[in-house]
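Chemist: I have a structure here, written as C-alpha coordinates, and I will follow up with some questions on it.
The values are calculated or read from the model by the stated rules, or taken from the named source; none is laboratory data. Predicted, not measured: the structure shown is a model, and the values here were computed from it. Glycine gets a Cβ as well: all are built from the backbone with ideal geometry, and neighbour counts include every protein chain shown. To get the accessible areas, we keep the full protein, side chains included, count just its heavy atoms, and leave off ligands, DNA and RNA. Shrake-Rupley method; radii C 1.70, N 1.55, O 1.52, S 1.80 Å.
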Amino acid sequence: MVAGLREFALRTGDGSGKPVLDESNGEELMHVQPSVAVALGNRPVESPGTLYITSRKLIWLSDVDMAKGYAVDFLSISLHAVSRDPEAYSSPCMYTQIEVEEDEDDDSDTEVTEVLDLSKIREMRLVPSDSTQLETLFDVFCECAELNPEPVEEEEEESGHNWVFSADQMDVRGGADEDAEWQISQSPTNVIGHSNGDEGLAQPMLELQINDQRFEDAEEMSHDSESKDH
(Lines give C-alpha, C1' and ligand atoms only; values in the text may rest on other atoms or scores of the structure.)
Protein backbone atom coordinates (compact mmCIF):
# COMPACT_ATOMS: atom_id res chain seq x y z
CA MET A 1 0.00 0.00 0.00
CA VAL A 2 1.30 3.44 -0.98
CA ALA A 3 1.44 5.79 2.01
CA GLY A 4 1.70 9.01 0.00
CA LEU A 5 1.72 12.47 1.54
CA ARG A 6 0.15 12.78 4.98
CA GLU A 7 -0.26 15.21 7.86
CA PHE A 8 2.46 15.25 10.51
CA ALA A 9 2.35 17.22 13.75
CA LEU A 10 4.34 15.14 16.23
CA ARG A 11 6.92 17.44 17.79
CA THR A 12 9.24 16.86 20.71
CA GLY A 13 8.23 18.40 24.03
CA ASP A 14 11.57 20.07 24.69
CA GLY A 15 10.54 23.28 22.98
CA SER A 16 12.81 22.79 19.98
CA GLY A 17 9.93 22.00 17.69
CA LYS A 18 11.77 19.04 16.16
CA PRO A 19 9.72 16.10 14.87
CA VAL A 20 9.35 12.89 16.83
CA LEU A 21 11.26 10.11 15.05
CA ASP A 22 10.86 6.36 15.15
CA GLU A 23 14.24 5.89 16.76
CA SER A 24 13.36 2.44 18.13
CA ASN A 25 13.25 1.20 14.53
CA GLY A 26 16.46 2.95 13.51
CA GLU A 27 15.13 6.20 12.06
CA GLU A 28 17.82 8.91 12.17
CA LEU A 29 17.83 12.62 11.41
CA MET A 30 20.04 13.19 8.36
CA HIS A 31 19.65 16.89 7.54
CA VAL A 32 17.80 20.02 8.70
CA GLN A 33 17.07 22.88 6.31
CA PRO A 34 15.43 25.99 7.82
CA SER A 35 13.34 28.52 5.94
CA VAL A 36 11.82 26.23 3.33
CA ALA A 37 8.45 26.98 1.77
CA VAL A 38 6.29 24.19 0.38
CA ALA A 39 3.88 24.07 -2.55
CA LEU A 40 1.56 21.08 -2.90
CA GLY A 41 0.38 20.24 -6.39
CA ASN A 42 -0.89 23.37 -8.13
CA ARG A 43 -1.77 25.12 -4.89
CA PRO A 44 -0.10 28.39 -3.80
CA VAL A 45 3.14 28.22 -1.85
CA GLU A 46 2.69 28.06 1.91
CA SER A 47 4.50 30.06 4.59
CA PRO A 48 8.09 28.97 5.26
CA GLY A 49 8.82 26.16 7.64
CA THR A 50 11.67 23.79 8.46
CA LEU A 51 12.52 20.73 6.39
CA TYR A 52 13.70 17.66 8.29
CA ILE A 53 15.18 14.83 6.24
CA THR A 54 15.41 11.51 8.08
CA SER A 55 16.67 8.12 7.00
CA ARG A 56 13.05 7.15 6.29
CA LYS A 57 11.10 10.21 5.19
CA LEU A 58 10.76 13.94 4.53
CA ILE A 59 9.09 16.03 7.22
CA TRP A 60 8.10 19.66 6.72
CA LEU A 61 6.92 21.57 9.80
CA SER A 62 5.43 25.04 9.69
CA ASP A 63 7.21 27.79 11.59
CA VAL A 64 3.94 29.73 11.91
CA ASP A 65 1.37 27.06 12.82
CA MET A 66 2.87 24.57 15.28
CA ALA A 67 0.08 22.10 14.55
CA LYS A 68 0.77 22.03 10.82
CA GLY A 69 3.16 19.73 9.02
CA TYR A 70 3.51 17.17 6.25
CA ALA A 71 5.46 13.95 5.84
CA VAL A 72 6.16 11.52 3.01
CA ASP A 73 8.21 8.33 3.02
CA PHE A 74 11.10 8.01 0.59
CA LEU A 75 9.46 4.81 -0.65
CA SER A 76 6.55 6.96 -1.87
CA ILE A 77 8.79 9.42 -3.74
CA SER A 78 9.15 8.22 -7.31
CA LEU A 79 11.23 11.17 -8.55
CA HIS A 80 13.20 14.11 -7.16
CA ALA A 81 15.09 16.78 -9.06
CA VAL A 82 16.43 20.32 -8.79
CA SER A 83 14.32 22.76 -10.82
CA ARG A 84 15.72 26.13 -11.83
CA ASP A 85 13.63 26.76 -14.94
CA PRO A 86 11.46 29.87 -14.36
CA GLU A 87 9.04 28.57 -17.00
CA ALA A 88 8.46 25.42 -14.95
CA TYR A 89 8.18 27.23 -11.61
CA SER A 90 8.69 30.79 -10.44
CA SER A 91 11.42 29.96 -7.89
CA PRO A 92 14.30 27.48 -7.80
CA CYS A 93 13.10 24.44 -5.90
CA MET A 94 13.39 20.76 -5.18
CA TYR A 95 10.70 19.05 -7.25
CA THR A 96 9.27 15.71 -6.14
CA GLN A 97 6.73 13.30 -7.56
CA ILE A 98 4.74 11.23 -5.08
CA GLU A 99 3.07 7.89 -5.71
CA VAL A 100 -0.62 7.78 -4.81
CA GLU A 101 -3.28 5.10 -4.63
CA GLU A 102 -5.26 5.01 -7.86
CA ASP A 103 -9.01 5.50 -7.41
CA GLU A 104 -10.98 4.93 -10.63
CA ASP A 105 -14.19 6.24 -9.07
CA ASP A 106 -12.68 9.58 -8.07
CA ASP A 107 -12.22 11.96 -11.00
CA SER A 108 -11.90 15.14 -8.92
CA ASP A 109 -8.66 17.12 -8.89
CA THR A 110 -7.98 17.76 -5.22
CA GLU A 111 -4.80 19.62 -6.08
CA VAL A 112 -6.76 22.66 -7.26
CA THR A 113 -9.99 22.39 -5.28
CA GLU A 114 -10.55 24.02 -1.91
CA VAL A 115 -10.72 20.69 -0.10
CA LEU A 116 -7.18 19.41 0.29
CA ASP A 117 -6.83 15.64 0.20
CA LEU A 118 -3.15 14.92 0.88
CA SER A 119 -3.48 11.33 -0.30
CA LYS A 120 -4.16 12.63 -3.84
CA ILE A 121 -1.19 15.02 -4.05
CA ARG A 122 1.19 13.84 -6.75
CA GLU A 123 3.67 16.73 -6.76
CA MET A 124 5.43 18.70 -4.06
CA ARG A 125 7.90 21.55 -4.41
CA LEU A 126 10.28 22.54 -1.63
CA VAL A 127 11.48 26.12 -2.01
CA PRO A 128 14.44 27.09 0.21
CA SER A 129 15.05 30.78 0.81
CA ASP A 130 18.72 30.10 -0.03
CA SER A 131 18.69 28.45 -3.45
CA THR A 132 22.40 27.61 -3.19
CA GLN A 133 21.36 24.83 -0.79
CA LEU A 134 19.52 22.93 -3.50
CA GLU A 135 22.58 20.88 -4.47
CA THR A 136 23.08 19.86 -0.84
CA LEU A 137 19.42 18.89 -0.54
CA PHE A 138 19.66 16.88 -3.74
CA ASP A 139 22.67 14.94 -2.45
CA VAL A 140 20.89 14.14 0.82
CA PHE A 141 17.78 13.04 -1.11
CA CYS A 142 19.91 10.66 -3.18
CA GLU A 143 21.63 9.25 -0.10
CA CYS A 144 18.35 8.59 1.70
CA ALA A 145 16.72 7.14 -1.41
CA GLU A 146 19.52 4.55 -1.53
CA LEU A 147 18.74 3.67 2.09
CA ASN A 148 15.15 2.86 1.08
CA PRO A 149 15.21 0.49 -1.91
CA GLU A 150 12.00 -0.86 -3.37
CA PRO A 151 10.88 -3.96 -1.42
CA VAL A 152 11.05 -7.32 -3.19
CA GLU A 153 7.65 -8.64 -4.17
CA GLU A 154 6.52 -11.70 -2.21
CA GLU A 155 5.64 -13.51 -5.44
CA GLU A 156 9.26 -13.33 -6.55
CA GLU A 157 10.48 -14.68 -3.21
CA GLU A 158 8.00 -17.58 -3.20
CA SER A 159 8.34 -18.55 -6.85
CA GLY A 160 10.49 -21.56 -5.88
CA HIS A 161 11.81 -23.78 -8.67
CA ASN A 162 9.40 -22.78 -11.39
CA TRP A 163 11.12 -22.93 -14.77
CA VAL A 164 9.73 -20.71 -17.50
CA PHE A 165 11.03 -20.72 -21.05
CA SER A 166 9.36 -18.62 -23.72
CA ALA A 167 10.01 -18.59 -27.43
CA ASP A 168 11.58 -15.15 -27.47
CA GLN A 169 14.01 -16.15 -24.72
CA MET A 170 15.59 -18.89 -26.85
CA ASP A 171 17.47 -18.05 -30.05
CA VAL A 172 18.07 -20.64 -32.76
CA ARG A 173 21.38 -19.91 -34.46
CA GLY A 174 22.62 -21.49 -37.66
CA GLY A 175 21.76 -21.90 -41.33
CA ALA A 176 21.54 -24.44 -44.13
CA ASP A 177 25.23 -25.34 -43.95
CA GLU A 178 25.54 -25.75 -40.20
CA ASP A 179 23.68 -27.42 -37.35
CA ALA A 180 21.28 -25.22 -35.42
CA GLU A 181 22.10 -24.73 -31.74
CA TRP A 182 20.03 -23.43 -28.86
CA GLN A 183 21.54 -20.31 -27.31
CA ILE A 184 20.82 -18.98 -23.81
CA SER A 185 19.43 -15.45 -23.64
CA GLN A 186 21.95 -12.96 -22.31
CA SER A 187 19.37 -10.57 -20.83
CA PRO A 188 20.64 -9.62 -17.35
CA THR A 189 17.10 -9.04 -16.10
CA ASN A 190 15.76 -12.39 -17.18
CA VAL A 191 18.47 -15.01 -17.10
CA ILE A 192 17.30 -18.25 -18.63
CA GLY A 193 17.79 -21.25 -16.40
CA HIS A 194 17.97 -19.36 -13.13
CA SER A 195 16.23 -20.95 -10.17
CA ASN A 196 15.55 -18.96 -7.05
CA GLY A 197 16.18 -22.03 -4.97
CA ASP A 198 19.28 -23.58 -6.58
CA GLU A 199 21.35 -21.57 -9.03
CA GLY A 200 23.77 -24.45 -9.60
CA LEU A 201 20.99 -26.62 -11.02
CA ALA A 202 20.29 -24.49 -14.06
CA GLN A 203 23.27 -24.94 -16.38
CA PRO A 204 23.61 -28.76 -16.07
CA MET A 205 19.93 -29.21 -16.96
CA LEU A 206 20.25 -27.02 -20.04
CA GLU A 207 23.43 -28.73 -21.16
CA LEU A 208 21.72 -32.10 -20.78
CA GLN A 209 18.84 -30.99 -22.98
CA ILE A 210 21.23 -29.58 -25.58
CA ASN A 211 23.41 -32.70 -25.63
CA ASP A 212 20.39 -34.97 -25.89
CA GLN A 213 19.25 -33.09 -29.00
CA ARG A 214 22.68 -33.36 -30.56
CA PHE A 215 22.84 -37.10 -29.83
CA GLU A 216 19.47 -37.61 -31.48
CA ASP A 217 20.67 -35.70 -34.57
CA ALA A 218 23.85 -37.79 -34.68
CA GLU A 219 21.90 -41.06 -34.43
CA GLU A 220 19.59 -40.01 -37.26
CA MET A 221 22.56 -39.13 -39.49
CA SER A 222 24.23 -42.50 -38.71
CA HIS A 223 21.03 -44.37 -39.48
CA ASP A 224 20.62 -42.59 -42.84
CA SER A 225 24.22 -43.38 -43.77
CA GLU A 226 23.78 -47.09 -43.01
CA SER A 227 20.62 -47.19 -45.10
CA LYS A 228 22.46 -45.78 -48.15
CA ASP A 229 25.26 -48.32 -47.80
CA HIS A 230 22.76 -51.19 -48.02
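Chemist: Taking 30 Å as R0, compute the FRET efficiency from the Cβ-Cβ separation of T12 and S78 and round it to 0.05.
Modeler: Numbers: r = 30 Å, r/R0 = 1.01.
Using R0 = 30 Å, I get an efficiency of 0.50.
Chemist: While we're looking at this one, here's another question. Find how much the distance from A88 to T132 grows on full extension, using 0.36 nm per residue of separation minus their present alpha carbon separation; answer in nm with one decimal.
Modeler: Values: separation 44, 0.36 × 44 = 15.84 nm, distance 1.84 nm.
14.0 nm is the gain from fully extending A88 to T132.
Chemist: If you roll a 1.4 Å probe over the heavy atoms of the protein chains, what accessible area per residue do you get for segment 6-66, in Å²? The partial results should precede the final answer.
Modeler: Working: 3100 Å² over 61 residues.
On a per-residue basis, segment 6-66 sits at 51 Å².
Chemist: Just to be sure I understand the model, the point goes 7 Å from the Cα along the line to the Cβ. What's the resulting S24 to D117 distance in nm?
Modeler: With each label point 7 Å from Cα toward Cβ, the separation is 3.3 nm.
Chemist: Count charges around S35 for me, please; just the other residues with Cβ under 10 Å from its Cβ, Lys/Arg as +1, Asp/Glu as -1.
Modeler: Result for the local shell: -2.
Chemist: Under 11 Å from the Cβ of E46, count the other residues' Cβ atoms, weight Lys and Arg +1, Asp and Glu -1, and hand me the total.
Modeler: Charge balance near E46 sits at +1.
Chemist: For segment 1-142, what does the relative contact order come out to in percent, with C-alpha contacts under 8 Å and a separation of six or more?
Modeler: Working: 288 pairs, mean separation 39.2, N = 142.
Once normalised by length, the contact order is 28 percent.
Chemist: Taking the alpha carbon gyration tensor of segment 1-78, what are the square roots of 5 times its eigenvalues, largest first, to the nearest whole Å? Intermediate values should be presented prior to the final figure.
Modeler: Values: eigenvalues 70, 59, 22 Å².
Sorted largest first and rounded, they come to 19, 17, 11 Å.
Chemist: Net charge around P92, counting only other residues with Cβ within less than 13 Å of its Cβ (Lys, Arg = +1; Asp, Glu = -1)? Numbers along the way, then the final one.
Modeler: Values: positive: R84, R125; negative: D85, E87, D130, E135.
Here the charged neighbours net out to -2.
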